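Working notes, beginning with the structure itself.
All of the numbers you see were taken from the coordinates with simple rules; none came from a lab. This is a predicted model, so every value here is computed, not measured. Backbone-built Cβ (ideal geometry, glycine too); neighbour counts: all protein chains shown.
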Amino acid sequence: MTIRVLKAGDIYRIEGPAKVVVRRGQIYATGVTYTEGQVFTVLRARRLAIKAVSDAEVEFVLGPGALLEKAAPGEEIIDEWERHLSALDPRGVVLILGMMDVGKSTVAAMLGNKALAKGYKVAIIDADVGQNDLGPPTTISLARPTRYVTHLRQLVAEKSIFLQATSLERIWPRAVEKITVATEYAKNRWKVDTVIVNTDGWVLDEEAVVFKRQLIERIKPTVIVAIQVENELAPILNGYGNVIVLPPPPYAKKRTREDRKIHREMGYGRYIFPPIELAVSLDKIPFCNLPLFQGVEISGDMRRMLAKAIGMSIIKAYQQGARVYAVVNSDSWMLKKVGGFQVVCIPLDFEKGLLVGLEDREGFLVGLGVLKKLYLDRRRAVIYTSAEVEKRIGDVSCIRLGLVRLDDSFNEVEKVPGLLRAELA
Ligand SMILES: Nc1ncnc2c1ncn2[C@@H]1O[C@H](COP(=O)(O)OP(=O)(O)OP(=O)(O)O)[C@@H](O)[C@H]1O
Ligand SMILES: [Mg+2]
């Protein structure tokens, strides 16, 4: 424990895990002024800048690996953020944009705090599928804060939507749809005054620009908060007038790809807990995004002819109109044309370790799971999921196949984009 006397105007950077107890005076952090007796925390491996609003005495309880350092004058952007964000009317939809590690989640928390302080009802939507702070990785998650937080991570998602992957590169059109659904849900069902939408850091590619601009067109933000290093967001923001541009914190903690992967893997483990094995009849709860076992089964000579035509042995095949879904002895997903038919070739054992989302009738996530085994003859799936999902199995209307494969310890083994071919068919 360290007790420090701070002078009005002093700025400190703290890396958690740390607890900050205000003993005397006033301390500003994440849009909130904490006074005598109040406490806030800085999470492990996260950094935060704080400022003494008045002369103050502060107790810093620093955990393992925590850091505390005084910022040199002019070094931190805490005042600039505060000035811009306190001038903003948070009512309506606020969209936060920026690259990785620029402080998007911190700004989302700060705006949430500010809207709460004004007495508004607030929803925060975290649409960052790679590093979701509110809910499981691979989701868009929604929470309603009721108290001040220093990090979004301190809030718990009430609703999540499964987005199948850890990045939006290949699936952004669905992300536009689902972020819009989430925003409308917060506005119309929760009837909040403020919706804060945090996004993923994919902003530089041409396609990312199209994605973000379509998102802006759909959710029509009242204001866009753009955290920009140089001028990298210009292609996205071009033509929009309701934009506040902020600089990133100069001493932000950068996370490597590996850090981010480990963080996600812990996320799967945290949400698939306590884990149980669940056997599901796919006749009762089908896949949402692969109509396997539906239509007319093709067997006998017909199947042998089809196998010859596609040059692979077929284990099971089902015809639906002009399309055939065939489980084949192959490693990859393929689309083949045979006569007037389109054959969707599904690799045998494609399911092993596939991340899945069990969805309710409205398309919200009941829980994540990992597919263990598919019994083709019995049309049953064995899924590794949480006890909570088992309890709520009556709410599950379909199982959405994801695009990530995990091993038994929830490590990400590979991406499985092949499934997208079948989805697009
Ligand atoms: N003023 C500050 N000074 C130093 N570090 C800060 C400051 N504000 C936030 N940080 C830290 O910078 C890091 C990045 O911030 P944050 O997580 O908000 O960014 P992000 O854009 O949401 O990142 P990601 O792409 O990982 O989602 C975090 O560790 C955060 O705690
Ligand atoms: Mg973030």
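Figures for the structure shown
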item	result
Qualifying residues in region 152-162 (those that are within 16 Å of ligand 2 (Cβ to nearest atom) and assigned to a loop (DSSP other than H, G, I, E, B)) - the one nearest to Arg44 (Cα to Cα)	Leu155
Which listed residue, of Ile262, Ile216, is aliphatic (A, V, I, L, M), under 21 Å from the mean Cα position of the chain (by Cα) and farther than 30 Å from Leu88 by Cβ	Ile262
Filter result (surrounded by fewer than 16 Cβ atoms within 10 Å (Cβ to Cβ) and under 35 Å from the mean Cα position of the chain (by Cα)) within region 324-353	Asn329, Asp331, Ser332, Leu335, Gln342, Asp349, Lys352
Positions within region 29-85 being outside any strand (DSSP E or B), charged (D, E, K, R) and within 15 Å of ligand 1 (Cβ to nearest atom), in sequence order	Arg46, Glu75, Glu76, Asp79, Glu80, Glu82, Arg83
All positions within region 196-215 that are buried (at least 21 other Cβ atoms within 10 Å of the Cβ) and assigned to a helix (DSSP H, G or I)	Phe211, Lys212, Leu215
In region 152-171, the residues that are surrounded by fewer than 21 Cβ atoms within 10 Å (Cβ to Cβ) and away from ligand 1 (no atom under 13 Å from the Cβ)	Val156, Glu158, Glu169, Arg170, Ile171
Selection count where residues are in contact with a helix residue (DSSP H, G or I) (Cβ under 8 Å, 6 or more places away or on another chain) and either hydrophobic (A, V, I, L, M, F, W, C) or within 17 Å of Ala29 (Cα to Cα) (or both), scope region 64-99	9
Test result for Asp301, part of a loop (DSSP other than H, G, I, E, B) and either exposed (fewer than 13 other Cβ atoms within 10 Å of the Cβ) or more than 31 Å from the chain's Cα centre (by Cα) (or both)	no
Residue tally, condition in contact with a Lys or Arg (Cβ under 9 Å, 6 or more places away or on another chain) and farther than 14 Å from Thr166 by Cα, over region 126-149	4
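Matching residues to (1) more than 15 Å from ligand 1 (Cβ to nearest atom); (2) in a loop (DSSP other than H, G, I, E, B); (3) surrounded by fewer than 24 Cβ atoms within 10 Å (Cβ to Cβ); (4) in contact (Cβ under 8 Å) with a residue 60 or more places away in the chain:
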position	(1), (2), (3), (4)
Asp89	yes, yes, yes, yes
Val107	no, no, no, yes
Ala115	yes, no, no, yes
Gly119	yes, yes, yes, no
Ile124	no, no, no, yes
Asn132	no, yes, no, yes
Ile140	no, no, no, no
Pro145	yes, yes, yes, no
Thr150	no, yes, no, yes
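For (1) aromatic (Phe, Trp, Tyr); (2) touching a helix residue (DSSP H, G or I) at 6+ places or on another chain (Cβ under 8 Å), each residue gets a yes or a no:
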site	(1), (2)
Arg304	no, no
Ile310	no, no
Tyr325	yes, yes
Val328	no, yes
Gly357	no, no
Asp360	no, yes
Leu365	no, no
Leu374	no, no
Arg378	no, no
